[in-house]
Structure formats: C-alpha cells, structure tokens
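First comes the structure, then the notes that go with it.
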Amino acid sequence: MKASDLFVKALENEGVEYIFGIPGEENLDLLESLRESNIKLILTRHEQAAGFMAATYGRLTGKVGVCLATLGPGATNFATSAAYAQLGGMPMLMITGQKPIKKSKQGRFQIIDIVNMMKPMTKYSKQVVNGNNIPSMVREAFKIATTERPGAALIELPEDIAAEECDFNIYPVQSFKYPKADQEAILEAVKMIEKAKRPLLLVGAGANRTRIGNALTNFVNESGIPFFSTQMGKGVIDENHKLCLSTAALSKDDFIHCAIDRADLIINVGHDVIEKPPFFMENDENAKKVIHVNFFPSEVDDTYFPQLDVVGDIASNVDNLRRAISTQEHWEFDYYKRMTEEIKTHLQKYFGDTRFPILPQKAVRTIRTLLDDEDIVTLDNGVYKIWFARNYRCAKPNTLLLDNALATMGAGLPSGMAAKMVNPDKKVVSVCGDGGFMMNSQELETSVRLGLDLTVIILNDNAYGMIKWKQTGMGFDTYGLDLGNPDFVKYAESYGASGHRPTSCEEFEETLEKCVNGKGVHVIDLAVDYSLNHSILNELLAKKECLI
C-alpha cells in the first residue's frame, strides 16, 4: 500500500470526518488518497482559518480536528492556530508536507524546520521518515492530542515518504479512563469545605467535558454552595441557576469580586493558569484557600498556589465529594445571595438603552433574546468579549465559544463556520470586531461555497477598540489605532453573502431575527459605541458598600 493511502486509512480509523486546509504540491499523493476516501476536504482561503476550524471542531466534539498545509509558508501559517488549540485545550492534528528527505534537487528552497518550530506550541511534533511508522504515529498523535490537557499535534509527511510502498498495519483505537483521586485527598477536601464559613465553587474551562456538568449540577443542588465560572467555563452549569453568581470577566475589581473576596475557600474545578485569572490569590495565612480539582496537578505561579490538589477524573471526584460532604449550619451564604441580586441589577442596567450606535450590552441582550439555549455564538477577540462574558447567560455548555487563553483575533468567523458544520440544526452567530473580522474575512467565500446558514455580526468602531480602551484607561493619548474599513455590505455581497447595515437598535433586532431564521450567509455591519466602557466598569468604585 502507498504510504499516503495508509495515512488516510489511519485517519479513517480514528473517525476523521473533515480535513480543513490548503494542499500544496508536496501533499499531492495525500490529496489523491483523500479523493477516494470518505473524509471530506474543506478547502479554505488561509491555513490559519483552517487551523481555527479544526481546533473548534475538536472543542465541540472532543475528537481531534484535522487540518492540512504544505511546507514552508503554508505550515508557518498554522503557528497561531496551533497556539490557539494548545492553550485553549482543543484537540487538533496538523498535517504538513515537506520536500523529499532522501534526495533533493531544490536545495533549501522553502524548507523550514517546521517540526522543531512547532514543538513549543504542541504536545507532539514529528516527521515521518518511514511509511511503515505512519499507523503508530497517527494513533500516538490522536491519543496525545485528546488526553488531558487536550491540545495540538503535528505530523510532517515528506513528499517522497508519501509515495513509497509500505505494509498495511492499523492500530485499534482504545478508550482511556482517568483514575480517581486518592481517598485521603477527597477526605481532606471535604474537611476543608465543611470547616469553611463561606465556600464558593469555581467552574473552569477544564470542567467542560462529558459527565462533568451533571456532576457539578448535582453537587451544587445537594450542597447548596453557590458558584461562578471563568469565561471558558460558562454554561457547564446552567447560568440561570439560582445559585449562580456570574462570570469572572475580569481578574479583579468587578462586582463578582465582592463575593469572591468574601469567600474563605474556593473549590476550583477545571481551571488552570493558562486561562486568564478569574481572581488573584494572596500569599497570606489569613487569605482565602483554594482546592484544585482537575485531571492534572496544579501549576504554581504568583496568582495561583492551591493548598490542596484533588487529581484525577473530575466527574468521579466531584461525585465523591458530593457524597461525602454534609451541609453545615455555620455556612453563611446570605451575602452571596445579596450579591447575586446586585450583580443582576448591575448587568441589566443598559439592556433597555436604545441609543445608536449601539451599546455592547444592548447588542448582547438582543442576541441572547433571539437565540434558543442550544444555539451557538462564537466570538473573535476584542473588548466586547468582556460584555459577552458578563451579560450572555449560557444554559448549555459550548453555546458561547470565546477564547480566554491565547485570546487571538481572527478566529471568530472560522470558529463559527466549524460550529455550524458540527451543529447544522442550530442557529450560529459569529460576533467579530471590525479588526478581527478583516484578519480572516476571506473565509466568507468558504462559508458561501459550503452552503452554510451563518450570521456574522461585525461590531464596527473603525478602530482596534480593545487596545484603544486600554490606551485611554492608562492615561495615554489615543494614537495609532484607528482604521479605515471597507463597505462591509458591498464586501459581503461581493462574496455572494447578504449584507445589512441597521441604523437603529430596533432595526438591528428586526434584521438579526430575519438573518438567524433565514438561509445563507448574512453579514450585519453594526455600529457600536464603546464610550461608556470605563464608566460602566468603574461603577463598582462608587459602590463600596457592596464590600461591607
């Protein structure tokens, strides 16, 4: 069997449905092998977008998303996607080509050491030097990419190796089960929780796995301990739950931090230091204590140094904690209940504001109102991400896909495309800033070509708004961050999509309702007003009584 055929058979054995990417001449044997397989090639307009789509496929399914590029410049375009998957805990495999390694007639033309370049950004990065090694390498890459913490892998397939003859030998896919925590760790955690006066549960990105959501919901219901989430932990437990405080959209000085600061123990489930901190620990014997509940031990840094690690299968460990804990009469949750109402009042303050350009809070509210609990919103990266994290209540996991790990621009549209492919029966809305949208806007053509029903909202302020906000907040004069955008309506139409430009909040709501319930790709150019960012986020400073 030809090595490229064997490679495709190994991918089929892993259940691969799609390969996202752009082939080059070094991939032609593999491309021919794919042509006769049941794997569908999704041709994109940029390798970075292909990587974002593969990573999002992995995030949503728990299976490895696969993407393809040629050597050199095609492979280097995967760098940001690799970091996106690696930091975000998304299982992904990159397949890249290379010039012949046994004999070359082109010197060093286009040759970059991609394998070593990718090692710091992946869990696995290797070159195939013998076609007979392909089955074991593919199995190993898939296993490593999916085990906790999930992440990126790379296999480089040189042109001459892809064409050589080799033996057929496919390895069976074996499931992997994580061990449970030691009973002593469970009992020590129970002792700390029962001794605490104001325990609080934190739900992080690593808790967004099969079974864990149910285990955590049962834990909250039976213990009565209130909870909050990190940005990437939203929806693991229904955020409409009466014991849900909110999301830690900032690291400090937000209303939710009034409650976090009052806690004397945080039960931290599924969070690690890769995601932006939801709060800062203090190295003081009187400061709050933290129990780290995760698949792997905690990593210590200046913001995070837990007093206890409960390591192993999270769902099983949470269930064991739930069974062992007894509710305590000395637990004090009244303050959390008051803060829950305070936070809700604060977050709803601008929901009814009809000024235009639209406030981000009003935009979030409109989108939330028009989508069902199962529908999906994907975000690019910008200041609006804070408002979605704070204001968009998620009833289900993976219904608000934001990136709080690499926090890269350019991923919003590709992740929306992948979300729609994985969930064709759900409405999908991709929200991008004008800066981030233009970084992969060419994928509108891919969306149209694939026949996706997708709505893209561009929050347009003609600037790199997040950095401008930081710039003014730090006392600098505004400089170097204003943009000149194309006519987004005509731009969308040039790709065969439908373009819209509402001129009022009412018109935006009417337009969005038609788009999400219609067919095809729709682009909404929505003028946004970020001028109140500082005053809204500083409202806490004027309400110090909440700390009493």
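Worth pointing out:
- One quarter of the surface of the convex hull around the alpha-carbon atoms of the stretch 49-208 equals 12.2 nm², the direction-averaged projected area.
- Normalised contact order of the chain, rounded percent, pairs of Cα under 8 Å and 6 or more residues apart: 12
- Sparse-neighbour loop sites [GluC sites (Glu not before Pro); the stretch 319-380; at most 16 other C-beta within 10 Å; DSSP]: 329, 332, 374
- HN-Hα J in Hz across the stretch 143-155 - Karplus 6.51, -1.76, 1.60, θ = phi - 60°, x for Gly and Pro: 5, 5, 5, 9, 6, 5, 7, x, x, 9, 9, 9, 10
- Residues whose amide H comes within less than 5 Å of that of residue 308, counting only those at least five positions distant or on another chain, are 290, 292 (H built at 1.01 Å from N in the peptide plane).
- Cα shape, the chain, gyration tensor, a/c 1.5 rule: oblate
- The amide H of residue 410, built 1.01 Å from its N in the peptide plane, has 381 as neighbours under 5 Å, considering only residues 5 or more places off or on other chains.
- Fraction of antiparallel bridges per DSSP, the chain only, in percent to nearest 5: 5
- Loop-located trypsin sites (Lys or Arg not before Pro) in the stretch 64-125 (DSSP state not H, G, I, E or B) with no more than 11 neighbouring Cβ atoms inside 10 Å: 102, 103, 105, 108.
- Rounded to the nearest 500, the 222 nm mean residue ellipticity of the chain from helices alone is -11000 deg cm²/dmol, with -39,500 (n - 2.57) taken per DSSP H run of at least 4 residues.
- The angle between the Cα long axis of helix 3-13 and the main principal axis of the chain comes to about 30°, on a 0 to 90 degree scale.
- The chain - charge dipole about Cα centre, Lys and Arg +1 at Cβ, Asp and Glu -1, debye rounded to 20: 340
- Entries of 40/514; 119/396; 191/385; 40/420; 420/490; 349/396 with Cα pairs more than 27 Å apart: 40/514; 119/396; 191/385
- For the stretch 518-526, 3J(HN,Hα) computed residue by residue from phi via the Karplus equation (6.51, -1.76, 1.60; θ = phi - 60°) reads x, 10, x, 9, 10, 10, 10, 8, 10 Hz, glycine and proline entered as x.
- Rounded if a/c under 1.5, otherwise prolate or oblate - the stretch 162-224, Cα gyration tensor axes: prolate
- The C-alpha atoms of the chain define a longest principal axis, and helix 212-223 lies at about 10 degrees to it.
- Distance between the C-alpha centres of the stretch 18-60 and the stretch 260-305: 39 Å, rounded to the whole angstrom.
- Cα centroid separation, the stretch 66-114 to the stretch 308-379 (Å): 40
- Residues whose placed amide H lies under 5 Å from that of residue 377, excluding near-sequence neighbours: 400, 401, 429
- Phi to ³J(HN,Hα) by Karplus 6.51 cos²θ - 1.76 cosθ + 1.60 over the stretch 442-453, Hz, x for Gly, Pro: 4, 6, 4, 4, 4, 4, 5, 4, 7, x, 7, 9
- Helix 412-422 and the longest principal axis of the C-alpha atoms of the chain enclose an angle of approximately 80°.
Any read-out appearing in this document is the output of simple, stated calculations on the displayed coordinates, not a laboratory observation. Because the structure is a prediction, the values reported are computed rather than measured. Counting neighbours? That spans all protein chains shown, and the Cβs are built from the backbone with ideal geometry, glycine included.
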